Structures are given as structure tokens and as C-alpha cells.
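Single-structure report; data block below.
Quick note: the coordinates plus some simple rules give every number you see, no bench work behind them. Note that the structure is predicted; figures quoted are calculated from it, not measured. No Cβ is skipped: glycine too gets one built from the backbone with ideal geometry, and neighbour counts run over all protein chains shown.
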């Protein structure tokens, strides 16, 4: 596997890589990962860290040094790999495709990010129409340069088909390590953070970034507080939108009704935070999957979320989630419905937990291992372009 991002950088790509790497070995697949070095990570078996520069304007991210990356791949040639799996569309994509072609092995790429919407938030001065065309061409070019593309949702598969991606498209979401999401001490978490035991708490977990539409949740929270004055919104995670969101909360006069907790350790504090909340909220319109929705469900936390793009596959009626219209008042009304009704929260939380069990990491790793085997049977495409879109032989959960 090659990726332009991995832990300690926290995002869905890092989580997906970690989840699959942990389980693939049990399905007969050995995985080596090449990823950027950040700041003095301890050596880990199966992971090679490439010297990297800080990305200008984004201190959370790193750009691998091209010469060091090429040297690492030259050393790896003798390892006799059967397949290359690229996880990100930057240097890792071009280096991974070049290495796979040189080694004569198939190359698969996972399309994690909906660039058509993502780019607007980071290049705001560029004309939106031009950026949309550029994003589509970029995605089409990269998708047609590999032998198969993995997408985490059916919505993203359909969008890539619209772009003109002709490589086979396989819907395969990231699974949930269910064993990790067990009963935790939410009361102790509240005590540590001076939150009254009976106070109604809504929770957002994820990158604090503009494309996550967190300002929509803050606006809904202002309406919730008008009817439920002691309600509290917790926002966990780091990202470039935090200062703007803090300013928005102040403008709404929310004061102590919105708290930014920053990064919480995923194996400890974050699980306690899930357990401390009464409700999970999510409003992104551009997710390719929405992994945190499944995490919240696995913890038995009822969900209010917008069903858009990749989250539609997760937010089916069986999930127990409330999916209001894309309207602040409707979203606030759904939050109030659950915050005011403990029995309703318990019912939806139980349905969500049962739904999350069908998205286990083991089941998804088995499907990815079978996809690798299928790719090896098919072999390297003679011509990456001009092929018809292949149907996924490894069907996704409906």
C-alpha cells in the first residue's frame, strides 16, 4: 500500500488503512505500507516512513520527498509484490502506478475523497465551474490509469461513472472494528470535562474542516438551545475551520453551549466521549462513506444526520438514524425530538448497534482479499482506457 497520509494524521484515510491492514493478514494477505514521516514516529513492522516536507498552509499534512519515495520503491522491487494498492491521489498515486507497471503487477486505487466539492473550500478564489471541471478531469485521469478502483459507497461509484472512469469500480466500504466499541464510562468523561451528568449532549466527531458542514450543526444548535437551554454540543477533532466555527458560535451567543475538545485518542478518550453523549450529529454533504456514523452506531448512540453522497448507504431505514431534510430548522427539530425523549434514544441506539454489526472490519477485509485475488486472476490491463465499466464481483451491502 502507498499513501500520502497516515497516522498520526487523523482522518478517514488513515483509519481505513489501519483497519484493513489489521485484518487482511487473517485472510492470507501480507501488507507493507509506505507513508510519510511526520515527527519522529516509532518504527512499526510493515511500515516504511518516507522523509517529508510540511505542506504550505496546512501544517497537519506532509508531502513525501519524491527522490526518497523513488528510492524506497527501487529497494522494494526485489520483494516480489503481487499487487500495488494506492490510497491517495497525490505523489502516492503516480509513484504507485509507475512502480506497478515496472514490476508487471496490477494496481488498485481507493477513491476516498470527493474532490469536486472538496476543492471549493481550499481554493476559494478560483471560479467554481472551472474547479469542478478540473476535479472531474483529475479523477477521470487517475481512475483510468489503474486496473481497478475501490469506492466506499454506491454514490461515489455512480459519480465516477458519470466522470468517465472506465476502470472496473468496486464498492467496498471500510469496516468497523466492533471489538473496540464496547461499553465505556461516559459518566467519568463528563466528570473530567465538568459536564453535568443529566445535561443533554450532542456530539460531532471528525475533522474540523469546512467541507464537513459543521457550521450547519452550530446553526441548528442555536435553535435547539432556544427550546432546551441547557443543551450542549461537543465538537471533537482538529482542522482548519476551528477558528471560524468558534467565531460563529460566539455570534450566535452560544457561549458554553458549544465546546471544542480538540483531538481525543481513538482507543480511549474518544470512546468515552461517545459514551458520554446522548446524540450524534453529522451534516457533511460530501462524504464518500461517513465512517464516524458507524462508530457512533456501534457505541449505541442514536444519530441525526444528512443523508447525502456516501452516507446514504449507511443511513438506510434499518440503521435507526433520523435523516431530516437539508434544512437547519428540520435538523434542529430532529435533535430536539431525541434529546427530549430518552426511550426513543434507546430504541434508535439499539437499532443502530445491530446495523453496525453488519459492517464489521472482518467482513470487509474478506471482501478486499477476494478483490485482490480477482485482480490477480484478471492481471494487468493491456490498455487502461477504452474499457467498459466492470461490474463489482464482490457485491456491497445494500
> Among bridges DSSP assigns within the chain, what percent are antiparallel (round to 5)?
Replying inline: 10 percent
>> I need the calculated FRET efficiency for the pair residue 67 and residue 263, taking r as the beta carbon distance and R₀ as 25 Å, to the nearest 0.05.
In response: 0.20
> Taking a ≥ b ≥ c as the square roots of the eigenvalues of the Cα gyration tensor of the chain, is the shape rounded (a/c under 1.5), prolate (a/b larger than b/c) or oblate?
Replying inline: prolate
> How many angstrom lie between the C-alpha centres of the range 358-381 and the range 35-84?
Replying inline: 25 Å
>> Just to be sure I understand: of the beta bridges DSSP finds with both ends in the range 1-89, what percent are antiparallel, rounded to 5?
In response: 40 percent
>> If packing is taken as the average number of other Cβ atoms within 10 Å across a peptide's residues, how do 366-379, 41-54 rank, most packed first?
In response: 366-379, 41-54
> Where a ≥ b ≥ c are the square roots of the eigenvalues of the C-alpha gyration tensor, would you call the range 45-186 rounded, which needs a/c under 1.5, or, failing that, prolate if a/b is larger than b/c, or oblate?
Replying inline: rounded
> Taking other Cβ within 10 Å of each residue's Cβ, how do 138, 282, 114 sort, fewest first?
Replying inline: 138, 114, 282
>> Assuming 0.36 nm per residue, please report the length gained on full extension of the stretch residue 194 to residue 137 beyond their Cα-Cα distance.
In response: 15.5 nm
> Do the sum for the chain: with -39,500 (n - 2.57) for every DSSP H run of n ≥ 4, divided by all residues, what is the mean residue ellipticity at 222 nm, to the nearest 500 deg cm²/dmol?
Replying inline: -13000 deg cm²/dmol
> Quick one: length gained pulling residue 158 to residue 377 fully straight, 0.36 nm per residue minus the C-alpha distance?
Replying inline: 76.3 nm
> What order do you get for 6, 81 when you list them from fewest to most C-beta neighbours inside 10 Å?
Replying inline: 81, 6
> Between rounded, prolate and oblate, where does the range 178-357 land on the alpha carbon gyration tensor, with a ≥ b ≥ c its root eigenvalues, rounded for a/c under 1.5, else prolate if a/b exceeds b/c?
Replying inline: rounded
> Of the beta bridges DSSP finds with both residues in the range 178-357, what % are antiparallel, to the nearest 5?
Replying inline: 0 percent
